[in-house]
1. Before rounding to the nearest 500, sum -39500 (n - 2.57) across all DSSP H runs of length at least 4 in the chain and divide by the residue total; then give [θ] at 222 nm in deg cm²/dmol.
2. Measuring from centroid to centroid over Cα atoms, what is the spacing of region 190-228 and region 80-123 in Å?
3. Can you tell me which of 154-161, 225-232 comes out highest on packing, and rank the rest after it, using the mean Cβ neighbours within 10 Å?
4. Hey, any idea what the orientation-averaged projected area of the convex hull of the chain's Cα atoms comes to, in nm²?
5. Under the rule a/c < 1.5 gives rounded, and otherwise a/b versus b/c splits prolate from oblate, where does region 24-110 land using the Cα gyration tensor?
6. In whole Å, how far is the Cα centre of region 282-325 from that of region 164-187?
7. Over region 82-166, one equal point on each Cα, no solvent: what is log10 I(q)/I(0) by the Debye formula at q = 0.22 Å⁻¹?
8. Which percentage, to the nearest 5, of the DSSP beta bridges contained in the chain is antiparallel?
Ligand code: ASP
């Protein structure tokens, strides 16, 4: 049997509230408590628990990401660890998964999961999600596929996965890219894998870093006051614009942004649309010195831009990274 480490970080899966309720709950259970609450796990793998963080996922920090990646990198070097399950709040699970996808240096499976309902709710979903995540992490076929998210029977690549529903238990999807597979009972059925660079083939190495660059996402709406960009330009190392449609900004916002990109601000242009691609604009005016996020949504572009800025501020190099990861 495989040896799987369960790394707890908090979230609804580890929370408790009033009986039956699906809101107003708080962190209560450790990763060890979670293992003890899942019948049948011992049939699938030898599991060991470790609490790495204990937060609601909107409170996860860049240093929390670094801590989690560092711990996985450390444990992955051990021959008695075959794979990982990270339990995590659902709200920002996709960002943590993508960060790990780009920074853990291993082919050993890393599967992230969580729950929409706390264990104290009526019909909670966390125990089944954890069981399925262990099934996936124990599979020989899961090696080398990068970080994955398992949720409500679906198995998704970290790059593609998104919380697409804010309230029901089937909260995650792969958008236009679909799922990587399905988990059913004690089996996992893989159907596709990512073409993009990740994990052992990623050029990003955060093992010696104590902090990450500060990058924010700015959502741009029609007739926004362009001065909203000033604060970000002053306080961030890089910026991601969630533009309209194919990544458009109003002319006024473009002009204001160009002032900052000409002074060296690195800005990536993504879209508020759920799917599709943000491409290079034809004219300098429309480009406003930005780099297109291509198929990454704004919050994943933020993760990649942070990592890119740990290596370079060269726009061509960063554009290459957006084409490869
Ligand atoms: N607020 C929770 C979190 O993301 C929501 C969840 O886990 O579903 O930590």
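1. Details: 10 runs with 94 residues, N = 325.
Taking each H run of at least 4 residues, the total per residue is -8500 deg cm²/dmol.
2. Each part's Cα centre sits 18 Å from the other's.
3. Details: 154-161: 25.9, 225-232: 14.8.
The peptides rank, most packed first, as 154-161, 225-232.
4. Computed as one quarter of the Cα hull surface, the answer is 15.9 nm².
5. Oblate shape, in that a/c is at least 1.5 and b/c is the bigger or equal ratio.
6. Answer, in whole Å: 28.
7. With one equal scatterer per Cα and no solvent, log10 I(q)/I(0) is -0.99.
8. Working: 16 of 50 bridges.
In the chain, DSSP labels about 30 percent of beta bridges as antiparallel.
Where a number appears in this text, it was derived from the coordinates with a stated rule and is not lab data. Computed from a prediction, not measured in an experiment: that's the story for all the values here. Note that we place each Cβ from the backbone using ideal geometry, even for glycine, and neighbour counts take in every protein chain shown.
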